[in-house]
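**Student:** For reference, the structure I am asking about is given below.
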Amino acid sequence: LGPSVASPDEGVVEDLPLIDEKAVEQLTEGLISHYLPDLQRSKSALQELTQNQVVLLETLEQEISKFKECNSILEINALFSEAKHYHNKLVNIRNEMMMIHEKTSKLKVSEINI
């Protein structure tokens with residue numbers, strides 16, 4: 001068997017000097033007091049941005065519903081135009097049938113007279 005390889009972390013704890021808890025607490029407070037105001041400003045800016053996005057999304061939804069409504073109105077107008085077109089066709093067919101009826105009636109009268 002080969003020689004045993006020592007861990008790189010071996011002996012690290014023993015090499016560290018004793019840490020003063022009060023110094024760690026003061027350094028932590030200093031670090032927090034340095035970054036906390038910026039983080040709080042960032043937080044409030046993100047909250048405002050989120051609120052603005054919600055308002056924007058609601059506005060977009062309203063605009064989309066308006067476009068859908070306009071689309072529905074256009075479809076209804078197209079249906080009315082189509083209905084008018086077919087109504088005109090029916091009126092023309094009725095007029096033609098009345099003319100044919102008159103002609104056949106005249107033919108019957110002329111056959112009877114012959």
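The values are calculated or read from the model by the stated rules, or taken from the named source; none is laboratory data. Since this is a predicted model, take the numbers as computed values, not measurements. In this analysis, Cβ positions are derived from the backbone assuming ideal geometry, glycine residues included, and neighbour counts consider all displayed protein chains. For the accessible areas, the whole protein counts, side chains as well, though only heavy atoms, and no ligand, DNA or RNA atoms are used. Shrake-Rupley method; radii C 1.70, N 1.55, O 1.52, S 1.80 Å.
**Student:** How much FRET efficiency would the formula 1/(1 + (r/R0)^6) give for N77 and Q40, where r is the Cβ-Cβ distance and R0 is 41 Å, rounded to 0.05?
**Tutor:** Plugging the Cβ-Cβ distance into 1/(1 + (r/R0)^6) gives 0.15.
**Student:** Could you point to the label whose value was computed as percent of Cα pairs over 16 Å apart for the structure here, given (i) 78; (ii) 66; (iii) 84?
**Tutor:** Calculated percent of Cα pairs over 16 Å apart: the matching label is (iii).
**Student:** Moving on. Would you look at the GNM of the chain, springs on alpha carbons closer than 10 Å, and say which of A23, A45, A78 moves the most?
**Tutor:** In this elastic network of the chain, the residue with the biggest mean-square fluctuation among A23, A45, A78 is A23.
**Student:** Just to be sure I understand: with springs between alpha-carbon atoms less than 10 Å apart, which residue in Q53, Q40, Q26 has the highest mean-square fluctuation in the Gaussian network model of the chain?
**Tutor:** So, out of Q53, Q40, Q26, the one fluctuating most is Q26.
**Student:** Express in Å², to the nearest 10, the accessible area of T104 obtained by rolling a 1.4 Å probe over the protein heavy atoms while all chains stay in place.
**Tutor:** 60
**Student:** Follow-up question, since we're still on this one. Specify the residue with the greatest mean-square fluctuation among N71, N95, N52, computed from a Gaussian network of the chain linking alpha-carbon atoms under 10 Å apart.
**Tutor:** Among N71, N95, N52, the largest mean-square fluctuation in the Gaussian network model of the chain belongs to N95.
**Student:** Once both axes come from the Cα atoms, what is the angle between helix 21-113 and the longest principal axis of the chain, in degrees from 0 to 90, rounded to 10?
**Tutor:** Helix 21-113 sits at roughly 10 degrees to that axis.
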